[in-house]
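Colleague: Just dropping this structure here.
What follows is calculated from the coordinates using simple rules that are stated; it is not laboratory data. Computed from a predicted structure; not experimentally measured.
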Amino acid sequence: MLLKLTNATKGRIGEGLILNSELIMSFFENTNEDGIKVTVAFGVNGNSWEVSETIDEIMEQAWTTAAT
């Protein structure tokens, strides 16, 4: 399933970001170097992405999308 998230990476803040949930290994919440709280998604291919949604918001979206 595809997750529609908001990029929180410096230089791309606020841009839409679509991630395939099947390629995500884990999420964790962190504070970036500017003091902004972000959620980091780690992919199976070694990539990572910073997003502005919380883990709870991501999980809610995943459950809602899976139910449809």
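Colleague: Considering every pair of different Cα atoms, what Kirkwood radius, in Å, is found for the range 2-67?
Modeller: 12.0
Colleague: Express the relative contact order of the chain as a whole percentage, based on alpha carbon pairs under 8 Å and six or more residues apart in sequence.
Modeller: 30
Colleague: So what's the angle, to the nearest 10 degrees on a 0 to 90 scale, between helix 55-67 and the longest Cα principal axis of the chain?
Modeller: It works out to around 20 degrees.
Colleague: Take the chain, connect every pair of alpha-carbon atoms lying under 10 Å apart with a spring to form a Gaussian network, then pick out the residue of 16, 35, 43 with the largest mean-square fluctuation.
Modeller: 35
Colleague: Could you work out which residue, out of 53, 15, 33, moves most in a Gaussian network model of the chain, that is, has the largest mean-square fluctuation with Cα springs under 10 Å?
Modeller: 33
Colleague: Sticking with this one: Under 10 Å, Cα contacts only: if you run a Gaussian network model on the chain, which one of 18, 58, 36 comes out with the highest mean-square fluctuation?
Modeller: Per the Cα network of the chain with a 10 Å cutoff, 36 tops the list.
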